[in-house]
Amino acid sequence: MRFVSTRGTETVTLDRALVNGIAEDGGLYVPVELPVFALDDFATADSIPDVAAVLLKPFFADSSLAGAISQILAETFNFPIPVTSLPTSDGNASLLELYHGPTAAFKDVGAGFLAACLTRLEGDESDPLTILVATSGDTGGAVAAAFNERPGMRVVVLFPDGRVSARQAHQLTCWSDNVLSLSVTGSFDDCQALVKSAMGDTDLASRYRFSSANSINIGRLLPQSTYYADASLRHYRTTGIKPGFVIPTGNLGNALACIMAREMGLPIGPIVLATNANRTIPDYFETLEWIPRASVQTLASAMDVGDPSNMERLRSIIGEADVLRDCLGVLSVDDDQIREEIRRDYTEFGFATCPHTATATYTWRQLDARLRDANDWILVATAHPAKFETVVEPLIGQEVPLPEVLADILSRPSRAVSVEPTLEALAGAMEVHFGQ
Ligand SMILES: *Cc1c(COP(=O)(O)O)cnc(C)c1O
């Protein structure tokens with residue numbers, strides 16, 4: 001399988017797409033064509049790694065990693081991804097729990113897969129690859145956890161000092177020596193600008209072999225399709241019904257993975273996107289005009305995206321808004337509705353949802369009754385509520401018990417180096433830490 005830029009015609013192998021991250025013309029890599037599967041292809045696949053092995057095999061044709069797929073998948077999916085039924089009156093809704101990975105959020109899947117691939121492609125202990133990641137929260141933790149102690153790989157995490165929660169900061173700063181955590185005295189935008197200028201500095205870039213692991217890398221996207229494949233196959237086999245999915249959406253990576261799974265022939269019914277108050281996607285469906293804008297801050301902070309970059313992929317794979325809105329639903333959920341929903345979920349389900357997951361449960365409740373009743377629904381839970389305890393706990397008036405993975409993270413020592421938002425400060429901190 002070859003991959004082509006959304007903006008050009010030149011194609012590359014999977015290996016190149018994984019290492020490059022973004023195409024030279026600034027576009028995003030997409031598969032030249034999506035394979036289409038029959039349900040029988042998955043007849044003997046009974047676990048996520050097994051389903052993934054079938055689903056991802058065509059993408060690895062021509063890749064030097066083809067012989068290592070099963071190991072890569074075993075490393076990626078070394079935690080459960082259960083679907084649990086929700087105690088609703090009509091009994092047709094369940095929750096896809098994507099939050100049992102090392103940092104208790106769905107980004108662990110993509111980050112783990114990318115780390116497993118890149119280590120095999122580029123890990124070189126005598127000349128390590130250095131992943132630079134600017135983060136306002138979830139991404140940096142997942143990337144640091146995924147690359148932690150991987151030979152020939154280093155990570156530099158840059159986060160804005162004092163602008164992430166205490167628990168979030170801990171997840172960014174509790175890793176081994178191959179991860180350098182930098183608390184930048186500036187904003188998230190400063191962190192991003194620093195990453196850009198470091199990547200653009202030829203001297204630094206050749207000394208450290210910079211790469212990125214951001215959400216536009218095709219290696220983050222591909223493995224996410226597998227949990228939709230697995231969940232839909234399981235549901236279809238037991239009920240004969242193609243389940244619909246409601247998906248909390250920011251940069252559109254998680255939802256795109258579900259859409260791709262449906263295009264590849266998996267038994268998936270309606271797909272509905274839940275956004276927060278960042279309305280770029282719902283407005284596009286309504287006005288048919290794509291107008292990216294600055295993001296607004298919401299309680300579902302990991303979805304605060306005003307210019308979802310995966311829209312470029314979605315338009316290239318499926319089509320423009322007039323086509324998209326016939327095959328996808330979307331609803332924007334504001335902060336008041338998120339608060340109301342976290343309370344209601346707690347009362348009705350007996351457990352708390354995180355602010356991102358609450359956009360999905362809210363959206364499911366708002367579905368047109370006929371659409372809702374005519375389908376079975378799988379609501380996607382993207383993070384554990386204990387990651388967002390400062391939002392959730394006051395709303396439900398209870399402490400959210402820490403899952404084991406987060407308790408483990410919080411028990412580790414934390415260390416970060418504080419730097420000014422300048423290239424000199426970044427280069428200096430790296431030199432001290434890595435001795436290079
Ligand atoms: C990143 C993230 C999202 C949004 O996912 P996209 O792929 O960017 O649409 C939703 N919830 C949580 C908890 C996240 O970390």
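The values are calculated or read from the model by the stated rules, or taken from the named source; none is laboratory data. Remember, it's a predicted structure, so these values are computed and weren't measured experimentally. So basically every Cβ, Gly included, is an ideal-geometry build from the backbone, and we count neighbours across all protein chains shown.
Scanning the range 249-287 for residues being buried (at least 21 other Cβ atoms within 10 Å of the Cβ), among the hydrophobic types (A, V, I, L, M, F, W, C) and not in a helix (DSSP H, G or I) gives a total of 6. Restricted to the range 280-315, and to residues there that are among the β-branched types (Val, Ile, Thr) and farther than 22 Å from Ala383 by Cβ, the residue that is farthest from the chain's Cα centre (by Cα) is Thr287. Criterion applied to Thr249, Thr275, Thr202, Thr238 was being more than 30 Å from Leu423 (Cα to Cα) and away from the ligand (no atom under 13 Å from the Cβ), and the one residue passing it is Thr238. Filter the range 343-384 for residues that are in a helix (DSSP H, G or I) and within 12 Å of the ligand (Cβ to nearest atom); which is farthest from Cys258 (Cα to Cα)? It comes out as Pro355. Of all positions in the range 37-45, none carries a residue that is touching a Phe, Trp or Tyr at 6+ places or on another chain (Cβ under 9 Å) and surrounded by 15 or more Cβ atoms within 10 Å (Cβ to Cβ). The set of residues from the range 302-312 being outside any loop (DSSP other than H, G, I, E, B) and either modelled with pLDDT under 90 or more than 9 Å from the ligand (Cβ to nearest atom) (or both) comprises Met311, Glu312.
Residue check: is Ala294 of a type in the set (A, V, I, L, M, F, W, C), at pLDDT below 95 and touching a strand residue (DSSP E or B) at 6+ places or on another chain (Cβ under 8 Å)? For Ala294, the condition - of a type in the set (A, V, I, L, M, F, W, C), at pLDDT below 95 and touching a strand residue (DSSP E or B) at 6+ places or on another chain (Cβ under 8 Å) - is not met. Exactly one residue among Arg150, Arg163 is out of contact with any Leu (no Cβ under 7 Å at 6 or more places or on another chain) and within 20 Å of Lys387 (Cα to Cα), and that residue is Arg163. The single condition from (1) within 12 Å of the ligand (Cβ to nearest atom); (2) at pLDDT below 95 that Leu299 fails is (2). Selection of first residues in the range 296-312 that are more than 18 Å from Val391 (Cβ to Cβ) and touching a residue at least 12 places away in the same chain (Cβ under 8 Å) and of second residues that are of a type in the set (Ser, Thr, Tyr) and near the ligand (Cβ under 9 Å from one of its atoms), restricted to Cβ pairs under 9 Å at least 6 apart or on distinct chains, gives the following pairs, ordered by first then second residue: Val305/Thr249; Val305/Thr275; Pro308/Thr249; Pro308/Thr275; Ser309/Ser215; Asn310/Ser215. A single entry from Ser232, Ser225 fulfils the requirement of being within 13 Å of the ligand (Cβ to nearest atom) and small (Gly, Ala, Ser): Ser225. The helices (runs of 4 or more DSSP H) located wholly in the range 386-435 that include 1 or more residues which are surrounded by fewer than 17 Cβ atoms within 10 Å (Cβ to Cβ) and touching a helix residue (DSSP H, G or I) at 6+ places or on another chain (Cβ under 6 Å) occupy 404-411, 423-434.
For the range 182-198, the criterion of being in contact with a Phe, Trp or Tyr (Cβ under 9 Å, 6 or more places away or on another chain), within 16 Å of the ligand (Cβ to nearest atom), not aliphatic (A, V, I, L, M) and not in a loop (DSSP other than H, G, I, E, B) is met by at least one residue. Based on this model, can you work out whether Val36 counts as outside any loop (DSSP other than H, G, I, E, B) and either over 20 Å from Leu121 (Cβ atoms) or modelled with pLDDT of 95 or more (or both)? Criteria not met by Val36. With the structure loaded, tell me whether Thr103 is within 14 Å of the ligand (Cβ to nearest atom), touching a residue at least 40 places away in the same chain (Cβ under 8 Å), over 16 Å from Leu18 (Cα atoms) and buried (at least 22 other Cβ atoms within 10 Å of the Cβ) or whether it fails that test. Answer is yes for this residue. Those strands (runs of 3 or more DSSP E) of the range 46-164 that lie entirely within it include none in which at least 3 residues are among the aromatic types (Phe, Trp, Tyr). Look at (1) crowded, with 17+ Cβ neighbours inside 10 Å; (2) polar (S, T, N, Q); (3) touching a Gly at 6+ places or on another chain (Cβ under 9 Å) and you find that Ser316 fails only one, number (1). Among residues of the range 114-131 that are over 16 Å from Asn217 (Cβ atoms) and of a type in the set (Asp, Glu), those with a beta-carbon under 7 Å from a residue that is surrounded by fewer than 21 Cβ atoms within 10 Å (Cβ to Cβ) and modelled with pLDDT of 95 or more at least six positions away or on a different chain give the pairs Asp124/Gly152; Glu125/Pro151; Glu125/Gly152. Using the structure shown, decide if Gly8 is touching a strand residue (DSSP E or B) at 6+ places or on another chain (Cβ under 8 Å) and part of a loop (DSSP other than H, G, I, E, B). No; evaluated as a whole, the condition is false for this residue. Among the residues of this structure, Val272 counts as one that is under 29 Å from Ala386 (Cβ atoms) and not acidic (Asp, Glu).
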